[in-house]
Amino acid sequence: MMLLIREVRSTVGWSYSLGKKFFRIVPLTTALIQALTLTSQFLLLIAFFLPLKVMVLLGASTIPGQFPVYLRSVDREWLIVFISCMALLCYILHVVLELSIRLLSIKGARLLLAHSKKIDLFENQVKLATSSYSKYVRGLAAATFVVISFLLLLYLYPSLFLVITLYILVAFFSVLAICSYSEHVQKALRAKLGGGMNALASIGFMLAFFFMVANFLSDHHPSVWIAVISLLLIRQGLQRIAGMIQDIASLRGQRRQIGALFFHSLPLMIQSRFEDLLEHSSLDQSARHAWISKVLCEVERISPGELDVVWHQMGVAGVHAFDVTCSDENSGQQHRYLLKLFSEDVSALAAQELTLLTSSTALPSPRFIDARSVRGLRCHVFAWQGESKVLRRQVGPGVLAVMTRLMVIEPSKDLLQRFMRSRQPLEWRLDLRQIESLGVAASLPEHAECLQRFLKGFERARALLSALPRQITPLDMTLETLLVNDSGEFLLSHWANWRIEPLGAGWPVDEREKLADALAAAKTLRPGLMAVSLSAVMLAALLYAFERFCNQRNYASALTLLADVLSLLNGEVAHEEVRHG
């Protein structure tokens, strides 16, 4: 708990420094925003209260005795119209003030940035500065509103003030205690802070409501209107506290950027992936030996003795892999495994890999054993069978070998359906309007001509791609993820990024001559490919590369491919004309 209390104190100290900076540089703007925000919030409170008065008037034949004496002589219908107009006016003024606050926040943020006299640090820094300044000043106004509201509550309804104050203190220290003893709860609260704070505010409101009901039933209570006003004050006050906590947490999470924007002495500090790596307690040598032994015991039913754990470089952010060698204490046999641990922020990649590995057992991959959870992180276990990393000169042949094997594997019907429900294949990712925009980069006349011809034949190209059989296409074939076994067979150790594409998609376009041999070999093992033409498969390879170049903003290379695309497209059209006589 002491650690969390220190963090709270640090946040309060940081907030104080930030506020002092704002009031020193833009005092008038900050004070004006404070005043307007408070006025806006009280106008909103009145706008919520006046309709209750109208409802009371509508339900009575005369003006009730709770209304002031000077209003009882006014005609009831005119009084209803007047109070309704006042509620509308208060709300309109609230909206106008909110717009004014927004404009003043932009002005204040720009003055703060101009005073800092720094070069542009990152994209959208003006937007971040405006948002941060607005959140801070609004949070400060919310704190002032809460203080005023609770002082009014103390004057109007002292016992209710005592109850709600005790609730806030109990809730605060309870949350601190629970979070200090449960890391899981702490992470969940950080992830869902808004929902948690709103839930606590709602509980406080219900507590106040039931306390008030108990008071009225016991005949020790203030007037009805004081009770209604007190309930509104509590509702608005608790909402402001919840919003203020969320704003402070949001600002604290961006403290590096905010500090760099507003403070002269603070340069921009970027958190590196290396820092993220150090934050994983599961990667410490003592900790990882414990969970690796537990995982191997669960998935292999062995009693691992002394572990030899070596870092296995994957080159993929958020994925930590280990080459583990151990002996079974029961049988004495030597075993070797590859364990991949996925960080929380890439848990979706782990799910994608698991889906593919469990749906297709014929993948060119180390033998997948099972998946487990390690302290909330996903872990995939593979068996080593003589594999080793490829040399740099083997990357090209390795990619071709993996792609050749994938042409043979027909995706299961279930996997294909799941993919088609989730993502678009190549033929539907190619967008006609985006391709038309390539005309801006078509400086050479031949490129412009090819682009126009391709646009005319675009629907034909899409139809050809749609008619092709499907294959699995991986996106992470690199020097770090390619393996080769003792038999010279190439494998892939990482399957988190994959697509199901038309046959040929993903084949390297600078190795086109080898595609014919790969397709011929695939036809002998996958009968459904017998009627597939080489030109259609090559068209898929070229258009897949065309899309990749466009996504990389490499428009010159994309336009260069169009001449070959048109040649293949024309060849397919001629082939079909001959076939149909």
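The values are calculated or read from the model by the stated rules, or taken from the named source; none is laboratory data. From a predicted model like this one, the values you see are computed outputs, not experimental measurements. In this analysis, Cβ positions are derived from the backbone assuming ideal geometry, glycine residues included, and neighbour counts consider all displayed protein chains. Please note that ligands, DNA and RNA were not included when accessible areas were found on the heavy atoms of the full protein model with its side chains. Shrake-Rupley method; radii C 1.70, N 1.55, O 1.52, S 1.80 Å.
Considering all projection directions equally, how large on average is the shadow of the alpha-carbon convex hull of the range 321-372, in square nanometres?
4.6
Determine the per residue accessible area of the range 484-569 with all protein chains present and a 1.4 angstrom probe, expressed in square angstrom.
Numbers: 3400 Å² over 86 residues.
For the range 484-569, the per-residue accessible area is 39 Å².
Sort 349-358, 247-256, 178-187 for me by packing, meaning the mean count of neighbouring Cβ atoms within 10 Å per residue, highest on top.
Details: 349-358: 18.2, 247-256: 15.9, 178-187: 13.3.
The densest-packed peptide leads the list: 349-358, 247-256, 178-187.
Given a Förster distance of 35 Å, report the FRET efficiency between GLU489 and ARG421 from their Cβ-Cβ distance, rounded to the nearest 0.05.
Between GLU489 and ARG421 the formula returns 0.55.
Between LEU432 and LYS127, 0.36 nm times their residue separation minus their Cα-Cα distance comes to what? Mind showing how you got there, number by number?
On the way: separation 305, 0.36 × 305 = 109.80 nm, distance 3.34 nm.
Length gained, LEU432 through LYS127: 106.5 nm.
Stretched out fully, how many nm does the piece from MET55 to GLU511 gain, at 0.36 nm a residue minus the Cα gap? Numbers along the way, then the final one.
Working: separation 456, 0.36 × 456 = 164.16 nm, distance 7.90 nm.
Taking MET55 through GLU511 to full extension adds about 156.3 nm, to one decimal.
With +1 on the Cβ of every Lys and Arg and -1 on the Cβ of every Asp and Glu, and nothing else charged, how large is the dipole of the chain about its Cα centre, in debye rounded to the nearest 20?
Rounded to the nearest 20 debye, it is 2060 debye.
Is it possible to state the helix-based mean residue ellipticity at 222 nm for the chain, with each DSSP H run of 4+ residues giving -39500 (n - 2.57), the sum divided by total residues, to the nearest 500 deg cm²/dmol? What is it?
Taking each H run of at least 4 residues, the total per residue is -21500 deg cm²/dmol.
Could I have the simple spin-label model distance between GLU183 and ARG460, label points 7 Å from Cα toward Cβ, reported in nm to one decimal?
6.2
Below 18 Å, Cα to Cα, which aspartates and glutamates can LYS192 reach? Residues fewer than 8 away in the same chain don't count.
Those aspartates and glutamates meeting the cut-off are GLU183, ASP247, GLU344, ASP345.
So between VAL81 and ARG6, what do we pick up on full extension, going 0.36 nm a residue minus the alpha carbon distance?
Extending this stretch completely gives an extra 21.5 nm.
Identify the residues of the range 367-385 with backbone N under 19 Å of a label point that sits 7 angstrom from the Cα of ARG190 along the Cα-to-Cβ direction, or state none.
374-378
Label the range 97-204 by shape, choosing from rounded, prolate and oblate, from the square roots a ≥ b ≥ c of the eigenvalues of the Cα gyration tensor; if a/c is under 1.5 it is rounded, and otherwise prolate applies when a/b is larger than b/c, oblate when it is not.
It is oblate, given that a/c is not under 1.5 and a/b is not larger than b/c.
Under 1.5 on a/c is rounded, so check that first for the range 400-539, then, if it is not, pick prolate when a/b is larger than b/c and oblate when it is not; a ≥ b ≥ c are the square roots of the alpha carbon gyration tensor eigenvalues.
It is prolate, given that a/c is not under 1.5 and a/b is the larger ratio.
Using a Förster distance of 22 angstrom, determine the FRET efficiency expected from the C-beta separation of LEU479 and THR361, and round it to 0.05.
Step by step, r from the Cβ atoms, then E = 0.25.
Under DSSP H, which helices of the chain have Cα atoms covering 30 Å or more of the helix axis and a Kyte-Doolittle average no less than 0.5?
27-58, 76-116, 125-156, 158-181, 193-217, 224-253, 555-579
Counting only protein heavy atoms, what percent of the accessible surface of the chain is carbon or sulfur at a 1.4 Å probe? Before the final figure, lay out the partial values.
On the way: 18550 of 30560 Å².
Carbon with sulfur: 61 percent of the solvent-accessible area.
Which value, in Å², gives the accessible area per residue of the range 121-241 when a 1.4 Å probe is used on the protein heavy atoms?
54
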